[in-house]
Each structure stands twice: as structure tokens, then as C-alpha cells.
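Asker: Below is one structure. I have some questions about it.
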Amino acid sequence: MQGHKHGRFMAKASSKSASIVWMRRDLRLQDQPALAAALAAGGPVVPVYIWAPEEEGKWAPGGAACWWLHHALKDLDGQLRKLNSRLILRSGPSGETLLALAKETGARRVFWCRRYEPMVRNRDAKVAADLQQAGVETGEFSGALLFDPGKIANQAGRPFQVFTAFWRCCLTQPWPEARKINLKELARRTPVKWPKSDALASFKLLPRRGWDKEFYASWRPTQQGARERELGFVRQGLPRYAMERDWPALDSTSRFSPYLHFGQVSPRQACAAVENSKTGGAQKFLAEIGWREFAHYLLYHFPQLPEKPLREEFLRFPWKRDAKKLRAWQQGQTGYPLVDAGMRQLWQTGWMHNRVRMVVASFLIKHLRQPWTEGAAWFWDTLVDADLASNSMGWQWVAGCGADAAPYFRVFNPTLQAERFDPEGEYIRQYVPGLAKLPPQFIHAPWRAPKDVLSKAGIVLGKNYPAPIVDHETARRHALQDFEKMRKLL
């Protein structure tokens with residue numbers, strides 16, 4: 001049993017006393033080390049979720065993530081009730097709530113899985129200290145990552161900042177395996193009297209306005225939904241993954257990201273699902289899991305990642321803040337079909353294809369010269385898989401100011417990207433249906449189409465579809481000029 005890193009276990013509690021499993025981003029019953037520890041300790045098990053967004057400051061879950069969380073909590077409670085258990089819901093503060101629950105249930109132990117966000121790490125350290133001072137045993141376990149970011153370092157003992165070197169080091173470590181839990185034992189470990197639970201509706205996670213209507217057609221944010229997605233990907237997407245993962249019109253990506261973020265699937269489970277495959281896609285997929293590990297590794301070692309560039313010279317970058325341009329980008333009204341399709345997919349489904357994420361991010365940063373933090377904030381509120389580590393690393397990567405980042409002078413041409421990865425315009429037609437009648441040779445750049453072609457397609461540029469908000473070549477030149485200005489300030 002692994003003790004809390006901020007302290008040591010108190011004297012061993014009686015095996016007849018209850019254990020609280022504080023569930024956070026680990027909303028599953030298999031390969032759940034905190035749950036496994038509670039079962040191993042003996043006595044009743046009380047699963048608890050505490051809603052305390054104020055403890056995460058500006059990085060409390062955004063709107064789309066709250067939608068997912070609501071359904072994930074409801075589903076987890078349903079799974080537990082089938083096992084004669086249940087999920088106790090409470091509102092924070094977390095430390096006070098856990099102490100109160102320990103008193104109500106007679107629990108002498110509280111177990112949880114680690115999180116890596118800076119504010120949460122500080123909060124968890126204080127919670128552990130307060131519980132231990134009150135005589136409650138605590139245990140913190142690794143369940144969200146394959147490898148402990150505190151134990152991976154380069155030969156000089158410093159954090160890696162290049163992905164290939166980081167992942168190569170990880171692959172020399174013992175490969176962790178998913179742990180099977182006997183859930184029948186959980187069904188026998190229920191308290192004589194359950195503590196009171198708040199109603200899930202009291203958390204107000206679902207939107208008041210119906211902007212989430214189309215989410216339901218895109219997602220099943222449940223354990224069964226995760227299982228179905230896994231089976232479909234392994235059978236159909238994985239064999240084509242290495243070749244087709246960049247094509248947004250094709251269903252060749254895993255779409256595991258929200259399930260991984262909320263811990264409905266552990267990374268060990270995700271890897272186990274694909275590692276027996278004989279296809280080349282398996283290794284490519286495992287490398288993508290590696291990028292997720294790298295993001296959390298960077299956040300662990302560089303807690304400023306969400307707000308400040310790792311390359312400090314970018315603090316001097318001459319951004320051209322423009323609320324009108326930012327709004328056009330957010331609403332998918334830039335006049336560049338691939339960019340607009342991506343932003344509309346994001347709004348409609350709470351998700352965006354990874355290739356398109358790079359294109360729209362590059363467009364905001366380099367064509368419109370808006371700060372990368374503006375884009376990260378919009379993604380934070382609109383992505384169901386909004387993850388502080390991955391979101392921050394991704395935006396810094398595109399901006400050229402992070403670890404192992406793409407160089408700033410790499411400016412995606414959104415038209416060429418569309419022609420290469422959506423050659424027939426299928427993705428664009430799906431999310432920008434007003435362009436659906438354009439032939440393939442013009443759908444990526446409607447402004448190049450003859451008037452009669454536009455008329456036949458029912459398009460009036462500047463009225464029912466915008467003209468390009470900027471010219472690509474002009475915007476690229478200005479972006480590179482600003483980059484040179486920044487370098488001269490060094």
C-alpha cells in the first residue's frame with residue numbers, strides 16, 4: 001500500500017472501520033487503485049465525489065466538461081448501485097467535507113488517485129495534512145498516468161523538454177498493467193447506514209440554455225459508451241490509424257480523450273486494448289498516449305504552463321488583440337472553410353479532430369495574431385475533453401513558445417491543409433453546410449470560385465458566408481515580421 005507523498009500513514013486503522021474512496025478524475029471501478037486499496041484494507045467502502053470548483057480557480061471545469069461530468073457521475077452511481085453500493089455526492093470545501101464524512105461514517109481511511117494541476121496538488125497536500133492531524137489515514141495512488149512524472153528525468157537529473165527523449169526514457173521503465181478488481185467484494189462492503197448525498201442536479205452541471213442538444217448525438221459519456229468506442233476503434237479505426245488519423249472526415253481516431261480525462265478509462269486500459277494488435281496503428285496510438293503523458297509531465301515540472309510561455313522571450317511578442325477577429329474565429333466565421341468547419345464542430349459536438357485543432361490554433365495565433373492564451377481559454381470552455389495539461393501544451397506547441405514546440409515560422413496554410421486532408425470537402429460539407437453545393441475544386445477557397453459557380457451553389461460572399469477575414473500571404477508575412485521584432489528585443 002502506497003502512502004501519501006506529503007505524509008505517512010497513521011497507525012493502522014481497524015479492518016472493521018470504513019474507508020472513503022474520494023473519486024475525482026478516476027470515475028471507473030476497474031483499474032482503480034484507490035478503490036483497490038479500500039477493498040484491501042477491509043471494512044465498508046464509501047465512494048464519494050465532492051464538487052468544489054472554487055478550489056480550482058480559473059481552471060474549474062468549463063461548460064462542455066461539466067456536461068460530460070454530469071453524465072459520468074450519473075453513470076458511475078448507476079454502476080455502483082448494481083453492486084449494492086452508491087456514489088455519495090457532496091459540495092466542498094473538500095477537506096471539511098471529507099472530515100465530516102469520516103465522522104459520519106466512522107471511516108478511518110481516505111484514499112484517492114493523484115491529480116497534477118498545480119492548485120489541486122496544493123489543495124490535496126493540505127487535505128492530507130488535515131485528515132492525518134485528525135487521526136484519519138490517507139493514501140494517494142497513481143491512476144491517471146502510466147508513469148510517475150516525478151521519477152522521469154534526463155541524465156543531468158533535470159526534466160525533459162523534448163518528447164522523443166522523454167518517451168524513449170519512459171519505454172525503458174517497467175510497463176504498467178491494468179489491475180483487475182473483484183467487484184463482488186465491493187458489493188459485500190457496504191456500510192450499515194449510508195450518509196446523506198446531495199442531488200446531482202444541485203451541482204448545476206448541465207446548461208440552462210440548450211446548446212448541448214447535439215452533444216447527445218455525438219457522445220455516450222458512460223462506461224458502456226467507452227466500451228463501445230474502444231471496440232469500434234480497435235476493430236475498424238486502429239488498422240487504418242497510422243495512415244488516416246489526419247483525415248477529419250474519417251472516423252479513424254480513437255476519440256478516447258474525454259473518457260481518459262474523466263478516468264472512465266485508464267491509460268493502462270487504453271494501452272491494453274490496442275497493444276495486442278498486429279497493425280502499425282498500435283505503436284502510433286501508444287505514442288499519442290505518450291504525448292498525453294508528456295503534457296502532464298510538463299505541467300508537473302512547469303506549473304506556469306497554462307498561463308506563461310516556457311520560452312520566456314515570447315512574453316515580449318507584440319500580439320494584436322482584436323475582439324472582433326477573436327469572435328469571428330470563435331464562431332467559425334473566418335471565411336476559411338477548414339477553420340470554420342473545425343470551430344463549428346467544436347461548438348456542436350464539444351470536440352475537434354486533432355489535425356484541425358492544429359490548423360485553427362495556428363490561424364488564431366499567426367494569421368490573426370491573437371494571444372495563444374485566448375485560444376486555450378476558448379477550448380477550455382468548449383471541449384468535453386478539456387484537460388489543463390494537454391490544452392496548455394498543445395497551444396504552446398502551436399505558438400512555438402513551449403517545450404519541443406513547432407517553430408513559430410511554421411504557419412499552416414488552411415487552404416492547402418484542407419486540400420490535402422479533406423480533398424473532397426466531406427468534412428467541410430458536414431460542418432459548413434452552406435458550402436455543400438460547391439464542387440471540390442472550390443470548396444476549400446470559395447473566394448476563388450467564378451460568380452456563376454457561387455450563384456449556382458447559393459453563396460453570396462460577405463452575406464451568407466464571409467469573405468476571408470485576412471489574406472493568407474499577407475497575414476503570414478506580418479506574423480513573421482512580428483516574430484523578428486520579438487527576437488530583436490532579446
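The values are calculated or read from the model by the stated rules, or taken from the named source; none is laboratory data. Not measured: the values here are computed from a predicted model. Cβ atoms come from the backbone with ideal geometry, glycine included; neighbour counts cover every protein chain shown.
Asker: Can you tell me how many residues in the range 88-108 are within 30 Å of the chain's Cα centre (by Cα), touching a residue at least 60 places away in the same chain (Cβ under 8 Å) and not in a helix (DSSP H, G or I)?
Answerer: 4
Asker: Let me ask something else. Of the residues that sit in the range 346-358 and are in a helix (DSSP H, G or I) and surrounded by 24 or more Cβ atoms within 10 Å (Cβ to Cβ), which one is nearest to the chain's Cα centre (by Cα)?
Answerer: Taking the range 346-358 first, the residues in a helix (DSSP H, G or I) are 346-349, 354-358.
Next, only the ones that are surrounded by 24 or more Cβ atoms within 10 Å (Cβ to Cβ) stay: 346, 356.
Working: Leu346: 14, Val356: 16 Å.
Here the answer is Leu346.
Asker: Now for a different question. Identify the residue in the range 176-196 that is surrounded by 15 or more Cβ atoms within 10 Å (Cβ to Cβ) and within 31 Å of the chain's Cα centre (by Cα) and, among all such residues, is nearest to Ser19 (Cα to Cα). Quick ask: steps written out before the conclusion?
Answerer: Just the residues of the range 176-196 that are surrounded by 15 or more Cβ atoms within 10 Å (Cβ to Cβ), to begin with: 176, 178-179, 181, 183, 186, 189-191, 195.
Keeping just the survivors that are within 31 Å of the chain's Cα centre (by Cα) gives 176, 178-179, 181, 183, 186.
Working: Pro176: 25, Ala178: 22, Arg179: 20, Ile181: 16, Leu183: 16, Leu186: 12 Å.
Among those residues, the one meeting the criterion is Leu186.
Asker: Further, regarding this structure: From the list Val432, Val384, pick out the single residue that is crowded, with 19+ Cβ neighbours inside 10 Å, touching a Lys or Arg at 6+ places or on another chain (Cβ under 7 Å) and not basic (Lys, Arg). Quick ask: steps written out before the conclusion?
Answerer: Working: Val384 fails: touching a Lys or Arg at 6+ places or on another chain (Cβ under 7 Å).
So the residue among Val432, Val384 that is crowded, with 19+ Cβ neighbours inside 10 Å, touching a Lys or Arg at 6+ places or on another chain (Cβ under 7 Å) and not basic (Lys, Arg) is Val432.
Asker: Which fully enclosed helices (runs of 4 or more DSSP H) of the range 377-455 have 3 or more residues being at pLDDT below 95 and aromatic (Phe, Trp, Tyr)? Before you say what the answer is, go through the steps one by one.
Answerer: Details: elements: 388-399, 414-421, 426-431, 440-443.
It comes to none.
Asker: Could you run through the range 43-64 and say how many residues are closer than 23 Å to Gly95 by Cβ and small (Gly, Ala, Ser)?
Answerer: The initial filter retains those residues of the range 43-64 that are closer than 23 Å to Gly95 by Cβ, namely 43-61.
Subset that is small (Gly, Ala, Ser): 43, 52, 57, 60.
Of the residues in the range 43-64, 4 are closer than 23 Å to Gly95 by Cβ and small (Gly, Ala, Ser).
Asker: Could you tell me which residue of the range 458-467 is nearest to Lys325 (Cα to Cα), considering only residues that are surrounded by fewer than 18 Cβ atoms within 10 Å (Cβ to Cβ) and touching a helix residue (DSSP H, G or I) at 6+ places or on another chain (Cβ under 9 Å)?
Answerer: Within the range 458-467, the subset surrounded by fewer than 18 Cβ atoms within 10 Å (Cβ to Cβ) is 458, 460-464, 467.
Restricting the remaining residues to those that are touching a helix residue (DSSP H, G or I) at 6+ places or on another chain (Cβ under 9 Å) gives 458, 460-461, 464, 467.
Values: Gly458: 26, Val460: 21, Leu461: 17, Asn464: 18, Ala467: 13 Å.
Restricting to residues being surrounded by fewer than 18 Cβ atoms within 10 Å (Cβ to Cβ) and touching a helix residue (DSSP H, G or I) at 6+ places or on another chain (Cβ under 9 Å), the top hit is Ala467.
Asker: Of the residues Trp372, Trp329, which is buried (at least 23 other Cβ atoms within 10 Å of the Cβ), over 16 Å from the mean Cα position of the chain (by Cα) and closer than 29 Å to Arg114 by Cβ? Steps first, please.
Answerer: Details: Trp329 fails: closer than 29 Å to Arg114 by Cβ.
From the options Trp372, Trp329, the qualifying one is Trp372.
Asker: Which one of the conditions (1) assigned to a loop (DSSP other than H, G, I, E, B); (2) under 21 Å from Tyr49 (Cβ atoms); (3) without any contact (Cβ under 8 Å) to a residue 12 or more places away in the chain; (4) not β-branched (Val, Ile, Thr) does Ala201 fail to meet, given that it meets all the rest?
Answerer: (1)
Asker: Report yes if some residue within the range 133-143 is surrounded by fewer than 16 Cβ atoms within 10 Å (Cβ to Cβ) and in a helix (DSSP H, G or I); otherwise report no.
Answerer: Taking every residue of the range 133-143 in turn, at least one turns out to be surrounded by fewer than 16 Cβ atoms within 10 Å (Cβ to Cβ) and in a helix (DSSP H, G or I).
Asker: So, one more: Considering only the range 468-481, state which residues are surrounded by 17 or more Cβ atoms within 10 Å (Cβ to Cβ) and either part of a helix (DSSP H, G or I) or at pLDDT below 95 (or both).
Answerer: In the first step, residues of the range 468-481 are kept if they are surrounded by 17 or more Cβ atoms within 10 Å (Cβ to Cβ); the result is 468-470, 472, 475-476, 479.
Within the range 468-481, His472, Ala475, Arg476, Ala479 qualify.
Asker: Within the range 392-415, how many residues turn out to be touching a residue at least 60 places away in the same chain (Cβ under 8 Å) and either under 26 Å from Ala165 (Cα atoms) or of a type in the set (D, E, K, R) (or both)?
Answerer: Adding up the residues that qualify gives 14.
Asker: Looking at Trp68, is it more than 22 Å from Phe141 (Cβ to Cβ) and either among the hydrophobic types (A, V, I, L, M, F, W, C) or not in a loop (DSSP other than H, G, I, E, B) (or both)? Steps first, answer last, please.
Answerer: Working: more than 22 Å from Phe141 (Cβ to Cβ): yes; either among the hydrophobic types (A, V, I, L, M, F, W, C) or not in a loop (DSSP other than H, G, I, E, B) (or both): yes.
Here the answer is yes, as Trp68 does meet what is asked.
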